[in-house]
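Below is one structure, written out as structure tokens; the observations come after it.
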Ligand SMILES: [Zn+2]
């Protein structure tokens, strides 16, 4: 019955089931077929972008490029690379003046955690949703199966929005546990719920699922789950090992970024993550900008017509796997992502909050736009002392500072919070920029 209802709900999302059926086929396309599919989409996107997006019209004209110059995937190299700062400072000029579809706005943290406001058109939402369901189905998901989500919630959200989400979760059989207030009791309850009524799929931030696995192992438990999928952060080998020890071998990592949603998904052979070539073109380039098998991720979103994102350096680095996967998919495989790394902050009340907690607070207050914040970092020096550093020229208002303090105290207990302006954020010894860092775990991150 539930499966019937969920399927009917899917039908109401205009074009979703049709797109899913198409993607179930295209995932087994030959290399030539994939290339043709991408190039057809690319030509359409470039024409639309040149004609209706002021930023790209000017960029193309400056480079003396015409839409006809970009026909093949390799032609993309003619277009200069843009980055997050480009998106931030040209946001309005990156919007298409000719979009007939319904559009939606969303906020993303990106690799630095600083929220950025982006716009999508309906067709992009459909394809990214369909890619997600294709991924779930590759793990054995059927409509209406129980999914347990262990990740962030919106900290600043209206009552109506919260209520609507609750109803939708009931219909879709989604069970949500927030990683913004994790403590021993929450983890223990979650473990017993996994034992009593296991979900078909457990899905969460890599660090959150790892935390749950460690708890199960603490209890000496092994709970075989059908599938576990991790997302939003780099899944380290030490985390995957623990998750497998606790929940079995069916761990599927996923890579995406807020600017394009889905980028790559691990398949059932677990050889790496296949790029969703139907939706993105992904290149890796070295620091000089030359193509490489390992380097900076440069992505082109083939489906966003509302705010086209072409040749975008998202701040992550990755490497390609050299093998051909035995699952018969011919799309390129990503071996390793050096993406986002984040930490939990633990309050003296015993609660842990995931790094995304801070992105949600700052995003909800629209701080990045209001104070031109380029980066931020939250450092936990002691169990009851946090330092929040903003890379900005502006001073935060007393009111905003007060709200930040109140929200943090609400989740972590009474905490001494220092808020300061800084010129930049240093790297850790591992060469990572961590936007949330607990010095209580200094060893792990080689600060
Ligand atoms: Zn494969």
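Take the Cβ-Cβ distance between residue 76 and residue 162 as r, set R0 to 60 Å, and report the resulting FRET efficiency rounded to the nearest 0.05.
0.90
How big is the C-alpha Rg of region 140-203 next to the rule-of-thumb value 2.2 N^0.38 Å, as a ratio?
1.19
At q = 0.14 Å⁻¹, what base-10 log of I(q)/I(0) does the Debye formula yield for the chain when every alpha carbon is treated as an equal point scatterer in vacuo?
Reported log10 I(q)/I(0), two decimals: -1.55.
In whole angstrom, note down how far apart the Cα centers of region 369-389 and region 271-286 are.
33
Could you calculate the FRET efficiency of residue 286 with residue 414 from 1/(1 + (r/R0)^6), where r is the beta carbon distance between them and R0 is 35 Å, rounded to 0.05?
Here the calculated transfer efficiency is 0.15.
Build a GNM of the chain with springs between Cα atoms under 10 Å: which of 328, 288, 162 gets the top mean-square fluctuation?
For the chain, modelled as a Gaussian network with Cα springs under 10 Å, the answer is 288.
Picking from 370, 44, 294, which is most flexible by a Gaussian network model of the chain using Cα springs under 10 Å?
Fluctuation is largest for 370.
Stretched out fully, how many nm does the piece from residue 24 to residue 249 gain, at 0.36 nm a residue minus the Cα gap?
My answer for the length gained is 78.6 nm.
Rounded if a/c is under 1.5, else prolate if a/b is larger than b/c, else oblate: which is region 382-431, with a ≥ b ≥ c the root eigenvalues of its Cα gyration tensor?
Oblate, because a/c is 1.5 or more while a/b does not exceed b/c.
Helix-only estimate, please: 222 nm mean residue ellipticity of the chain, summing -39500 (n - 2.57) across DSSP H runs of length 4 or more and dividing by its residues, to the nearest 500.
-11000 deg cm²/dmol
Can you bin region 41-181 into rounded, prolate or oblate? Criterion: square roots of the alpha carbon gyration tensor eigenvalues sorted a ≥ b ≥ c, rounded for a/c under 1.5, prolate for a/b above b/c, oblate for the rest.
The shape class here is prolate.
Quick one: work out the % antiparallel among DSSP beta bridges in the chain, nearest 5.
60
Treat the count of other C-beta atoms within 10 Å as a stand-in for reagent exposure and order 260, 26 from fewest to most.
Ranked by crowding around the Cβ, least crowded first: 26, 260.
Fewest first, what order do 91, 64 take by the number of other Cβ atoms within 10 Å?
If I rank by nearby Cβ atoms, fewest first, I get 64, 91.
Is the shape of region 345-445 best called rounded, prolate or oblate, per the rule: a/c under 1.5 gives rounded, else a/b larger than b/c gives prolate, else oblate, with a ≥ b ≥ c the square roots of the Cα gyration tensor eigenvalues?
Taking the square roots of the gyration eigenvalues as a ≥ b ≥ c, region 345-445 is oblate.
Between region 181-244 and region 51-118, how far is it from one alpha carbon centroid to the other, in angstrom?
If you average the Cα positions of each part, the centres end up 38 Å apart.
Please tell me the relative contact order of the chain in percent, rounded to the nearest whole number, where contacts are Cα pairs under 8 Å and at least six residues apart.
It rounds to 16 percent for the chain.
No lab work stands behind these numbers, since they all come straight from the coordinates. This is a predicted model, so every value here is computed, not measured. Cβ atoms come from the backbone with ideal geometry, glycine included; neighbour counts cover every protein chain shown.
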